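Report on the structure given below.
The values are calculated or read from the model by the stated rules, or taken from the named source; none is laboratory data. Only a predicted model underlies this, so the values are computations on that prediction, with no experimental measurement involved. Here the Cβ is made from the backbone with ideal geometry for all residues, glycine too, and neighbour counts use every protein chain on show.
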Amino acid sequence: MTRTSPSPLVPSPDPATAVAQLSQWLADPEPPRLELTTSGSSGTPKRVLLSREAVLASARASARRLGGEGRWALVLPSGYVAGVQVVVRSLLAGHPPVLGAWADDDGPAAYTSLVPTQLHRMVRTPADVEALAAMRAVLVGGAGLDPALREEADRAGIRVVTTYGASETAGGCVYDGVPLDGVALSLGTDGRVRLGGPTLFDGYADDPELTAATLVDGWYVTADAGRLDHDGRLQVLGRLDDMVVSGGVNVPLPAVAARLREHPAVERAEVLGVPDPEWGQRVVAWVEAAPGAEPTLAALRDWVGERHPRSWAPRQLVPVTTWPLLDNGKVDRQRLRAAVSDEEDQA
């Protein structure tokens with residue numbers, strides 16, 4: 001008689017329910033795989049299947065890198081991979097996580113995991129700064145961390161650890177540019193980042209073609225471009241599909257965004273390509289101004305042109321006061337792009 005595999009476990013978006021689910025899952029002698037949906041920040045969300053072995057390999061390697069286990073504070077959605085890892089790591093340390101706060105009746109958390117948007121807000125709140133500075137480490141992932149924001153956190157005494165990874169790697173598997181123990185890292189001839197090791201996923205639910213294209217010879221083939229710096233640390237340059245051709249010129253959008261964020265009048269910035277009949281792809285910058293500042297498109301174009309080719313500079317500036325966010329705290333880049341396209345359709 002053929003034995004059927006149990007249905008995957010989908011962690012609940014309700015934190016308390018997810019803690020109960022994952023606690024039982026860790027104790028199950030024959031656990032099902034987890035099914036986690038990716039954020040969809042760059043396209044259609046995918047349903048990732050993760051074994052318990054992969055999740056535990058990630059949690060244990062993380063504890064070794066951070067210097068030990070401890071209780072975690074959960075301030076990320078519990079249905080995504082980063083939230084799941086917070087719950088699992090806290091349970092492995094013998095304590096349920098602190099939910100939506102930094103401490104409860106059982107005491108303070110020793111660790112937490114954030115996206116850059118959350119850290120950006122918290123470094124401006126004294127109570128959050130005090131709590132984060134008392135922790136052993138604060139993991140920040142899900143998107144690139146601006147150097148200026150990291151410096152601000154460092155000055156506040158917060159031990160930030162930047163993480164790089166994906167649902168397909170059971171969460172962050174490269175800390176501050178260095179792979180966790182057991183994680184393999186390589187770069188393709190085009191600079192594409194490839195990751196291997198025990199934290200890899202089993203495939204995508206009901207999508208064998210995408211699985212075959214993404215899991216190749218034991219490697220997870222990412223959509224990101226990277227390079228190794230002088231001491232061998234990984235620098236993620238951005239998604240390969242974030243390179244657009246504008247006016248016949250290849251423009252690396254992450255590099256333009258990073259330059260804009262260094263401008264003293266810019267608080268935050270995102271840069272995307274938008275279809276354009278003249279340029280092919282028009283480089284558009286969404287910018288949140290620093291308090292009291294009003295950056296102009298001309299000034300920002302000059303700023304980009306001081307370091308990069310002038311042809312990389314944005315051709316449109318969209319002021320932002322409130323960023324559209326996904327459930328996991330990442331900026332919803334699809335909504336940004338769609339809003340500009342909608343405006344053009346109505347013009």
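Hey, Thr189 hits all of (1) of a type in the set (Val, Ile, Thr); (2) in contact with a Gly (Cβ under 9 Å, 6 or more places away or on another chain); (3) more than 21 Å from Ala73 (Cα to Cα) but one; which does it fall short on?
Every listed condition holds for Thr189 apart from (2).
Which of the residues that make up the stretch 192-223 are in contact (Cβ under 8 Å) with a residue 60 or more places away in the chain and among the acidic types (Asp, Glu)? First the steps, then the outcome.
Applying the first criterion (in contact (Cβ under 8 Å) with a residue 60 or more places away in the chain) to the stretch 192-223 yields 197-207, 210, 223.
Of everything in the stretch 192-223, those that are in contact (Cβ under 8 Å) with a residue 60 or more places away in the chain and among the acidic types (Asp, Glu) turn out to be Asp202, Asp206, Asp207.
Just the residues that are surrounded by 14 or more Cβ atoms within 10 Å (Cβ to Cβ), in a loop (DSSP other than H, G, I, E, B) and within 25 Å of the chain's Cα centre (by Cα), please, taken from the stretch 314-342.
Once the filter is applied, which keeps residues that are surrounded by 14 or more Cβ atoms within 10 Å (Cβ to Cβ), in a loop (DSSP other than H, G, I, E, B) and within 25 Å of the chain's Cα centre (by Cα), the stretch 314-342 yields Pro314, Val320, Trp323, Pro324, Leu326, Asp327, Asn328, Gly329, Lys330, Asp332.
Tell me, which residue of the stretch 237-271 that is touching a Pro at 6+ places or on another chain (Cβ under 8 Å), among the β-branched types (Val, Ile, Thr) and outside any helix (DSSP H, G or I) is surrounded by the most Cβ atoms within 10 Å (Cβ to Cβ)?
Ranking the candidates gives Val271 first.
Checking Asp181 against (1) out of contact with any strand residue (DSSP E or B) (no Cβ under 8 Å at 6 or more places or on another chain); (2) without any contact (Cβ under 8 Å) to a residue 40 or more places away in the chain, which single condition isn't satisfied?
Asp181 satisfies every listed condition except (2).
Among the residues of the stretch 62-95, which ones are more than 20 Å from the chain's Cα centre (by Cα) and part of a helix (DSSP H, G or I)?
Arg64, Ser90, Leu91, Leu92
Among the listed residues Val318, Val331, Val340, identify the single one that is touching a residue at least 12 places away in the same chain (Cβ under 8 Å) and closer than 22 Å to Gly248 by Cβ.
On the way: Val318 fails: closer than 22 Å to Gly248 by Cβ; Val331 fails: closer than 22 Å to Gly248 by Cβ.
Checking each option against the conditions leaves just Val340.
What's the total number of residues in the stretch 297-332 that are over 26 Å from Thr37 (Cβ atoms) and in contact with a strand residue (DSSP E or B) (Cβ under 8 Å, 6 or more places away or on another chain)? Step through it out loud before you land on a result.
So in the stretch 297-332, the residues over 26 Å from Thr37 (Cβ atoms) come out as 297-321.
Subsequent filtering for residues that are in contact with a strand residue (DSSP E or B) (Cβ under 8 Å, 6 or more places away or on another chain) retains 297, 300, 309, 311-321.
Adding up the residues that qualify gives 14.
Would you confirm whether any residue within the stretch 146-154 is modelled with pLDDT of 95 or more, more than 20 Å from Val55 (Cα to Cα), surrounded by 19 or more Cβ atoms within 10 Å (Cβ to Cβ) and more than 17 Å from the chain's Cα centre (by Cα)? Step through it out loud before you land on a result.
If we filter the stretch 146-154 for residues that are modelled with pLDDT of 95 or more, which is where we start, we get 153-154.
Subsequent filtering for residues that are more than 20 Å from Val55 (Cα to Cα) retains 153-154.
Filter again for surrounded by 19 or more Cβ atoms within 10 Å (Cβ to Cβ), leaving 153.
Now drop any that are not more than 17 Å from the chain's Cα centre (by Cα), which leaves 153.
Looking through the stretch 146-154, at least one residue is modelled with pLDDT of 95 or more, more than 20 Å from Val55 (Cα to Cα), surrounded by 19 or more Cβ atoms within 10 Å (Cβ to Cβ) and more than 17 Å from the chain's Cα centre (by Cα).
Tell me the residue from Asp206, Asp190 that is within 12 Å of Val48 (Cα to Cα) and either surrounded by fewer than 13 Cβ atoms within 10 Å (Cβ to Cβ) or among the aromatic types (Phe, Trp, Tyr) (or both), please. Even if it seems obvious, please write down each step before you answer.
Working: Asp190 fails: within 12 Å of Val48 (Cα to Cα).
Selected residue: Asp206, the only one of Asp206, Asp190 that is within 12 Å of Val48 (Cα to Cα) and either surrounded by fewer than 13 Cβ atoms within 10 Å (Cβ to Cβ) or among the aromatic types (Phe, Trp, Tyr) (or both).
Could you tell me which numbered condition Ala59 fails, if it satisfies all but one of (1) touching a strand residue (DSSP E or B) at 6+ places or on another chain (Cβ under 8 Å); (2) surrounded by 15 or more Cβ atoms within 10 Å (Cβ to Cβ); (3) part of a helix (DSSP H, G or I); (4) in contact (Cβ under 8 Å) with a residue 24 or more places away in the chain?
The one condition Ala59 does not meet is (1).
Does Val98 satisfy being at pLDDT 95 or above, under 21 Å from Asp206 (Cα atoms), in the same structural domain as Thr214 (by TED's automatic domain parsing) and out of contact with any Pro (no Cβ under 7 Å at 6 or more places or on another chain)?
Details: at pLDDT 95 or above: yes; under 21 Å from Asp206 (Cα atoms): no; in the same structural domain as Thr214 (by TED's automatic domain parsing): yes; out of contact with any Pro (no Cβ under 7 Å at 6 or more places or on another chain): yes.
The answer is no for Val98.
Can you find a residue in the stretch 301-311 that is out of contact with any Gly (no Cβ under 9 Å at 6 or more places or on another chain), of a type in the set (S, T, N, Q) and farther than 17 Å from Gln334 by Cα? Spell out the reasoning first.
Initially, the stretch 301-311 is screened for residues out of contact with any Gly (no Cβ under 9 Å at 6 or more places or on another chain), giving 301-310.
Then keep just the ones that are of a type in the set (S, T, N, Q); that gives none.
Scanning the stretch 301-311 turns up no residue that is out of contact with any Gly (no Cβ under 9 Å at 6 or more places or on another chain), of a type in the set (S, T, N, Q) and farther than 17 Å from Gln334 by Cα.
Give me a count of the residues in the stretch 27-51 that are crowded, with 16+ Cβ neighbours inside 10 Å and either of a type outside the set (S, T, N, Q) or modelled with pLDDT under 95 (or both). Working first, answer last.
So the first thing to find is which residues in the stretch 27-51 are crowded, with 16+ Cβ neighbours inside 10 Å, and the list is 31-41, 46-51.
Now drop any that are not either of a type outside the set (S, T, N, Q) or modelled with pLDDT under 95 (or both), which leaves 31-41, 46-50.
Number satisfying all stated conditions: 16.
For the stretch 1-26, which residues satisfy the criterion of being among the aliphatic types (A, V, I, L, M) and either surrounded by 16 or more Cβ atoms within 10 Å (Cβ to Cβ) or at pLDDT 95 or above (or both)?
Narrowing the stretch 1-26 to residues among the aliphatic types (A, V, I, L, M): 1, 9-10, 16, 18-20, 22, 26.
Across the stretch 1-26, the qualifying residues are Leu9, Val10, Ala16, Ala18, Val19, Ala20, Leu22, Leu26.
Kindly indicate whether Ser7 is in a loop (DSSP other than H, G, I, E, B), among the hydroxyl-bearing types (Ser, Thr, Tyr) and outside the structural domain of Leu76 (by TED's automatic domain parsing). Outline the logic, then answer.
Details: in a loop (DSSP other than H, G, I, E, B): yes; among the hydroxyl-bearing types (Ser, Thr, Tyr): yes; outside the structural domain of Leu76 (by TED's automatic domain parsing): yes.
When the stated conditions are applied, Ser7 passes them.
Where residues in the stretch 288-313 are assigned to a helix (DSSP H, G or I) and of a type in the set (A, V, I, L, M, F, W, C), which of them is nearest to Asp241 (Cα to Cα)? Reasoning before the result, please.
To start, the set of residues in the stretch 288-313 that are assigned to a helix (DSSP H, G or I) comprises 297-307, 310-312.
If we keep only those that are of a type in the set (A, V, I, L, M, F, W, C) too, we end up with 297-300, 303-304, 312.
Values: Leu297: 25, Ala298: 27, Ala299: 27, Leu300: 23, Trp303: 24, Val304: 21, Trp312: 16 Å.
In this case the residue turns out to be Trp312.
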